[in-house]
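Take a look at the structure set out below.
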Amino acid sequence: MEYILDPETLAQLQALIDETLSFGTSLFRRRQLYQLALLAVCFGAAQIITVILAPRMARWMHTLEGWPKWRLRVLVLVHQRIRLSAFVVITWLVFLTLREVTWHSWSNLLGPIAELATAWLFVSFASRLIHNRTMRRTVRWGAWIFVTLSILGLTGFVSQLFDRFAIDIGEFHLSLLVVIRAGVTLAALLVAARLISSAAATRINQNDDISPSMRVLSVKAVQLALYGVAIFIGLQTVGFDLTSLTVLSGAIGLGLGFGLQKVVSNLVSGVILLLDKSIKPGDVISLGDTFGWISSLGARYVSVLTRNGTEFLIPNEDLITNRVVNWSHSSDLVRLDIRFGVSYDSNPHEVKRICSAAPLTVDRVISTPPPVCHVTGFGDSSIDFVLRFWIRDPTRGLTNVRGNVYLALWDALKSAGFEIPYPRRDITILSEPDPRSTTAQSGAPS
């Protein structure tokens, strides 16, 4: 390992400092001061435009209703950058005017400033496509520095300077320039991969010909391929030798075999669930004491949302190895049963007719297939029945619809005069014989 920092590097640093001091000294010349004053006027005009236009635009934006979200986001971005946008426009107008009516030396400072402001404005808008705040700031500042050096003509000089801050590890030359280039390249490629994967996911999810489970699998496959290609290209761009990953992949395989068995099992189980379509988003399932509907399928777990708002993260392996009740696997129809009894004074034929029509008064009960009522036996104190009805929306809960059907059944039986019996017991109290009468009878002469 060798650290490279020679006198030539120090000489380049000194040259950069000298050029910076020379540029600062030149600003005090008459022509430069004149252009700086014009820049101050341009900034003041941009400030006045912002004060006048920003409140009016904000009030207009509050009146917009029914606009797509992406349009509203664009308007918010424009509203936040009115000052810089106005400064760019005014500076360019002043620069073009001066270049036409005066010598170029009287506008040699305004031109680069206008170019810098335009580049910064473009980078500020483009970086908003990155949702991750840390990555967005990294890309934004990196792009600002790069365009600034490019416009000022310092790219080659700074590249040579950064390349001299390096470490040699065997045959690999790791310099500060390589690190910066790798960071910027990987960030740009990952952002591009995310944008392309988001667009592909939107198109896949809008395709009704693909089942929900295959949509999830297709989106995951596209994301994995795009991010893998982005990382591969990024490493190749900076000159990283990918053949060294052979040993690393062997070590990873050994680690997966011993220490990550559960993780690999969940990953494989997730792929199986997506391929066999036994579990898909929106299904209503029961697993042990957990009842809810699947909100999302992950690489390691399935998210199940219950009626009380609790979200259970169930490992994929549990859904493969345990008994799972899928209420909406092949059909969204769900049948519910209610058991009840009436007294023996009731006509069972009338009870069946009345109780079969009672569930149809509840909104969630469907008429096809129709509700049915059957006699299931003769109990100790009642004729026992079972009422069966169907619903199509198990995600809205089962207990609530059962309760509403119970109330409808109660009203129907009470209106028809049928009694819902309860267990009755007859108790007979036997009185004990009088001891004196017993003794008198035993002592009487025969």
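Derivation of every value follows stated rules applied to the coordinates shown; laboratory data play no part. All of these numbers come straight from a predicted model, not from anything done at the bench. Cβ atoms come from the backbone with ideal geometry, glycine included; neighbour counts cover every protein chain shown.
Below 12 angstrom from the Cβ of G417, what's the summed charge of the other residues (Lys, Arg +1; Asp, Glu -1)?
Net charge around G417: -2.
How much length is gained on full extension from N108 to Y406, taking 0.36 nm per residue of separation minus their Cα-Cα distance?
Result: 98.6 nm gained on full extension.
Using a Förster distance of 41 Å, how high is the FRET efficiency between S286 and A225, based on the Cβ-Cβ distance and rounded to 0.05?
0.70
Go ahead and run the numbers for FRET between M61 and A199, Cβ-Cβ distance against an R0 of 35 Å, rounding to 0.05.
Once rounded, the FRET efficiency stands at 0.85.
State the Cα centre-to-centre distance between the stretch 350-373 and the stretch 402-417 in whole Å.
Here the answer is 11 Å between Cα centres.
For a Förster distance of 35 Å, can you work out the FRET efficiency between the beta-carbons of S296 and A54, rounded to the nearest 0.05?
With a Förster radius of 35 Å, E is 0.30.
Normalise the Debye intensity by I(0) for the stretch 262-326, one equal point scatterer per Cα, no solvent, then take log10 at q = 0.13, 0.18, 0.20 Å⁻¹ and round to two decimals.
-0.28, -0.55, -0.69
Pulled fully out, how much extra length does the chain show between F378 and L305, if you take 0.36 nm times their separation in residues and subtract their Cα-Cα distance?
So the chain would gain 22.1 nm between F378 and L305.
Between rounded, prolate and oblate, where does the stretch 45-153 land on the alpha carbon gyration tensor, with a ≥ b ≥ c its root eigenvalues, rounded for a/c under 1.5, else prolate if a/b exceeds b/c?
oblate
Can you sort E317, E65, E419 so the residue with the fewest Cβ neighbours within 10 Å comes first?
E65, E419, E317
Over the C-alpha atoms of the stretch 334-416, what are the Rg and the largest Cα-to-Cα span, Dmax, in Å?
So, for the stretch 334-416, Rg and Dmax equal 12.6, 40 Å respectively.
What distance in nm lies between label points placed 7 Å from Cα along the C-beta direction at A357 and I233?
7.0
For T134 and H349, calculate 0.36 nm times their separation in residues minus their Cα-Cα distance, and state this gained length in nm to one decimal.
Taking T134 through H349 to full extension adds about 70.1 nm, to one decimal.
Given points 7 Å out from each Cα along the Cα-Cβ axis, report the V264 to A45 separation in nanometres with one decimal.
In this crude spin-label approximation the distance works out to 6.9 nm.
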